[in-house]
1. Could you check how many residues of the stretch 84-93 are surrounded by fewer than 23 Cβ atoms within 10 Å (Cβ to Cβ) and in contact with a helix residue (DSSP H, G or I) (Cβ under 9 Å, 6 or more places away or on another chain)?
2. Surrounded by fewer than 24 Cβ atoms within 10 Å (Cβ to Cβ), outside the structural domain of residue 59 (by TED's automatic domain parsing), at pLDDT below 90 and over 15 Å from residue 76 (Cα atoms): does that describe residue 2?
3. When you look at residue 202, is it free of Cβ contacts under 8 Å to residues at least 40 places away in the same chain and assigned by TED's automatic domain parsing to the domain that holds residue 104, yes or no?
4. Before we move on, is residue 265 modelled with pLDDT of 95 or more and either over 30 Å from residue 83 (Cα atoms) or under 23 Å from the mean Cα position of the chain (by Cα) (or both)?
5. Which pairs do you get when a residue that is under 16 Å from residue 196 (Cβ atoms), found in the stretch 242-261, comes within reach of a residue that is assigned to a helix (DSSP H, G or I), reach meaning Cβ atoms under 8 angstrom, with the pair 6+ apart or on two chains?
6. Every residue in the stretch 181-237 that is modelled with pLDDT of 95 or more and touching a strand residue (DSSP E or B) at 6+ places or on another chain (Cβ under 6 Å), please.
7. Among (1) at pLDDT 95 or above; (2) buried (at least 24 other Cβ atoms within 10 Å of the Cβ); (3) closer than 13 Å to residue 17 by Cβ, which single condition is residue 107 missing?
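The values are calculated or read from the model by the stated rules, or taken from the named source; none is laboratory data. On a predicted model such as this, the values are computed, not experimentally measured, just so you know. Every residue, glycine among them, receives a Cβ derived from its backbone with ideal geometry; neighbour counts consider all protein chains shown.
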């Protein structure tokens, strides 16, 4: 299933997403909600159901083949799994050399040098690590540009990703695996903590619906305080912790369980996995 309406690009740019999975869906949803014309977005995905869902939900054009999606696009967003990115890029090498697009990759662990080489050695590549809150316009994306990306390309990539939330440029690509470990994977850490809090609340006798609401609003409110107060997390924690009170009792339990080391180890494990993905797919 595919449709091919005439593109109506914003600022003259047509964007092709290669891959229509969860991250692409989050980014596309954020872009459309942020005012980017659906007609300027093209998506290639082999799954007919995936294509149909994207067309229905966002009104974008979809294609079974990547070469068809990129034909009229000057920005390519690589949103496939790291394990298949090499084959996808090599299949688009001729198109990349003839069109010279700006390539934005959201594949964890894959470097700009790898992507540039797989596309034929001349591509302007921005490595991006967004996260799933991009669907709500509340995403966080770390960005790194290779030497072929000029100022206009950087502005173009930032505009693309800023439609889905905040962005931060990273000067050293070696740190992009840390970005992946912190913000890229980070929402899952919060969801795991929410699961644990819900289960603990239910174990204390609260109804499941009440437990979920209490946890959701607590995390939402705490996140807003972090983002809007201008205070460091440690200071906010101290303000809510009365000496010998209930919060202190809970925090002492976390500290006794060495929560800080566990979090540090988890982030480091995610970072190392990013490096392994790069090495395994070179």
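1. Counting residues in the stretch 84-93 that are surrounded by fewer than 23 Cβ atoms within 10 Å (Cβ to Cβ) and in contact with a helix residue (DSSP H, G or I) (Cβ under 9 Å, 6 or more places away or on another chain) gives 6.
2. For residue 2, the condition - surrounded by fewer than 24 Cβ atoms within 10 Å (Cβ to Cβ), outside the structural domain of residue 59 (by TED's automatic domain parsing), at pLDDT below 90 and over 15 Å from residue 76 (Cα atoms) - is met.
3. Here the answer is no, as residue 202 does not meet what is asked.
4. Yes, satisfied.
5. Close Cβ pairs satisfying both conditions: 251/237.
6. 183 - this is the single residue of the stretch 181-237 that is modelled with pLDDT of 95 or more and touching a strand residue (DSSP E or B) at 6+ places or on another chain (Cβ under 6 Å).
7. Status for residue 107: all satisfied but (1).
Per-residue answers, yes or no, for (1) out of contact with any helix residue (DSSP H, G or I) (no Cβ under 7 Å at 6 or more places or on another chain); (2) touching a residue at least 40 places away in the same chain (Cβ under 8 Å):
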| residue | (1), (2) |
| --- | --- |
| 82 | no, yes |
| 103 | no, no |
| 113 | yes, no |
| 117 | yes, no |
| 136 | yes, yes |
